[in-house]
Amino acid sequence: DQQVKQNSPSLSVQEGRISILNCDYTNSMFDYFLWYKKYPAEGPTFLISISSIKDKNEDGRFTVFLNKSAKHLSLHIVPSQPGDSAVYFCAASEDKLIFGTGTRLQVFP
Amino acid sequence: DAGVTQSPTHLIKTRGQQVTLRCSPISGHKSVSWYQQVLGQGPQFIFQYYEKEERGRGNFPDRFSARQFPNYSSELNVNALLLGDSALYLCASAPDGSNQPQHFGDGTRLSIL
């Protein structure tokens, strides 16, 4: 039973445009959500997080939105850059991190 | 500042053998967690240790065990290796066990022949 789902395995976006990555979860007890970026042969790199008491958190080009009623969160990257090309994982925490399966983002010129 | 360091980076073992993977957390971090990532999946939680005590365990068999040392470094041991144990093993550290971002090492790639 997958508690955190990323239904889009891949996403292709033109440089300068907005990238929107989506994540759904099933457990209403999750109280903290994170996004990680992973390049090949490297460990996941923390990008941004959000507590369940908030609905938006922004850090530079990255914004995470949380819709608790829909059990949905999204990561917006504006503007997208070629260096953003990587696999993005969302994760949810109750007392341990549970990861989605990832979305591969490709930003092309 | 050094990030999370893991050793070795790659390891090849045969079925039935035992393996020990090592992790040094970021300086000042007292919580260490271990994850297994197989191809095409997200990292899956194995263990969390905080102040040398086990705080959580994922759905893995008893062949998997871990410990944390007084300097907060950690080891993951896997006994009686199976082909299905082939994966990337990731270690992550955090200042404490509460809701804070975990910072990952680059992992140990374990291949079972």
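None of the figures in this text is laboratory data; all of them are computed from the coordinates on show. Computed from a predicted structure; not experimentally measured. Backbone-built Cβ (ideal geometry, glycine too); neighbour counts: all protein chains shown.
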Margin query: Using the Kirkwood radius over C-alpha pairs as Rh, can you work out the diffusion coefficient of chain A via Stokes-Einstein at 20 °C, viscosity 1.002 mPa s, in µm² per second?
Written below: 155
Margin query: Can you compute the modelled spin-label distance between A:V78 and B:N79, with each label point 7 Å from Cα toward Cβ, in nm?
Written below: 5.5
Notebook entry, point to check: Taking 0.36 nm per residue of separation and subtracting the Cα-Cα distance, what length does fully extending A:T26 through A:R61 add?
Noted result: 9.8 nm
Next item on the list: Principal axes first, then extents: for the Cα atoms of the protein assembly as shown, list largest minus smallest coordinate on each axis, whole Å, largest first.
Entry: 49, 38, 35
Note to self: Taking the number of other C-beta atoms within 10 Å as the exposure measure, put B:V78, A:V87, A:V78 in order starting with the fewest.
What the structure shows: A:V78, A:V87, B:V78
Margin query: Taking just the alpha carbons, could you work out the radius of gyration and Dmax for chain B, both in angstroms?
Written below: 13.2, 38
Next item on the list: Please compute the net charge surrounding A:F46, taking Lys and Arg as +1 and Asp and Glu as -1 over other residues with Cβ under 13 Å from its Cβ.
Entry: 0
Item checked: Simple spin-label estimate for B:Q18 and A:F108 in nanometres, 7 Å along Cα-Cβ -> 5.2
Note to self: Give me the percent relative contact order of region A:1-48, please, defined on Cα pairs under 8 angstrom at least 6 residues apart.
What the structure shows: 30
Margin query: Roughly how far apart, in whole Å, are the Cα centres of region A:20-49 and region B:59-113?
Written below: 19
Check: Taking every residue in B:102-112, how many Cβ atoms of other protein chains lie within 10 Å of its Cβ, on average?
Finding: 3
Note to self: What is the sum of charges, Lys and Arg at +1 and Asp and Glu at -1, for the other residues whose Cβ falls under 12 Å from the Cβ of B:G56?
What the structure shows: -1
Note to self: Past 29 Å, Cα to Cα: identify those pairs from A:K5/B:K52; A:K37/A:K68; A:K38/B:K30, in the order given.
What the structure shows: A:K5/B:K52
Check: Per-residue mean of other chain beta-carbon atoms within 10 angstrom of the beta-carbon, peptide A:79-88?
Finding: 0
Note to self: Just to be sure I understand the model, the point goes 7 Å from the Cα along the line to the Cβ. What's the resulting B:S7 to B:N99 distance in nm?
What the structure shows: 3.7
Notebook entry, point to check: Where does the charge balance sit around A:S8 when Lys and Arg score +1, Asp and Glu -1, over other residues with C-beta under 14 Å from its C-beta?
Noted result: +1
